[in-house]
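In what follows, a single structure is set out as C-alpha cells and then discussed.
The values are calculated or read from the model by the stated rules, or taken from the named source; none is laboratory data. Nothing here was measured: the structure is a model prediction, and the numbers come from that model. All Cβ positions, glycine included, derive from the backbone under ideal geometry; neighbour counts span all protein chains shown.
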Amino acid sequence: EIVCRALEALMQREHPARAAVLSRLAIDRRPAVVRVALPFALEHLSTEELFPLLNGVQQATNVELREIAAEGLAELRAKQNLNKAEAALQELSRAVDARSWSDVELYAAEVAKSIPRHPEVEFQLARAAALQGDHRRALVTLHHLLGLGKAWRERAQSEGDFACLHGNQAWASLFE
C-alpha cells in the first residue's frame, strides 16, 4: 500500500522520478502496484514500449496480474485503432478534396472498422456524392446527418461542395 501511494503521488506531479514508476511496472509483479502504474504507462509510453511490458506482465503466474495485463493490452489496441481511424478521417477529407473516389471508399472503410457510421465519414461521403453529381445519394446521407443536430445542419448549409444542390427542391426541403 505504501508503494502504491508513493507511485500515485509521483504520477500526480512533474518529477524526475516519474521514470521510476515506469520501471516499477516493468519489474514489480504485485497486482496493486501494476494496477496503479498501468494507467500512467498507457498514457505516457509509446506502443513499442508498452507491448513488451504488458506481455511480460501477462506471462506472470498470478491470475489477477494476467487479467490486469489483458485489460491493458485491450485498451492499448483500442487506442491504436482509434489513432488509425483518426488518421484515415484526415485522409478521407483529402481524398474528397482531390476527387480520388477509390481512395474515398478505402478511407471510409478504414474508419468504419473502428467507428461504424461516424458522422464525419457520412459527411465526407455526402460531399463526394455531391461532387460526383449523385444528388440522391448526397441528399439521403445528409438527411441522416441533419438528424444528428444543429452543428451538422449549419455545416451542411455552409459547405461549398453542396452548392450544386441549392437549386434542388429536395435539398431545400431538408432545411425547412
Candidate set from the range 35-70 (those that are of a type outside the set (S, T, N, Q) and not in a helix (DSSP H, G or I)); member that is farthest from LEU82 (Cα to Cα): ALA60
Residue within the range 42-51 that is under 19 Å from the mean Cα position of the chain (by Cα) and at pLDDT 85 or above present: no
Contacts under 7 angstrom Cβ, first residue in the range 115-141 being without any contact (Cβ under 8 Å) to a residue 60 or more places away in the chain, partner of a type in the set (Lys, Arg), 6 or more apart: ALA129/ARG137; LEU131/ARG99
The lone exception for ARG99 - which of (1) modelled with pLDDT of 80 or more; (2) crowded, with 17+ Cβ neighbours inside 10 Å it fails: (2)
Output for the range 102-138, where each listed residue is touching a helix residue (DSSP H, G or I) at 6+ places or on another chain (Cβ under 8 Å), outside any helix (DSSP H, G or I) and at pLDDT below 85: GLY133
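For the range 96-108, give me the residue count where each residue is touching a residue at least 24 places away in the same chain (Cβ under 8 Å) and over 19 Å from the mean Cα position of the chain (by Cα).
3
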Sole exception among (1) of a type in the set (Ser, Thr, Tyr); (2) in contact with an Asp or Glu (Cβ under 9 Å, 6 or more places away or on another chain); (3) modelled with pLDDT under 80 for SER93, by number: (3)
Residues (among the charged types (D, E, K, R) and assigned to a helix (DSSP H, G or I)) located in the range 71-101: GLU71, GLU75, ARG77, LYS79, LYS84, GLU86, GLU91, ARG94, ASP97
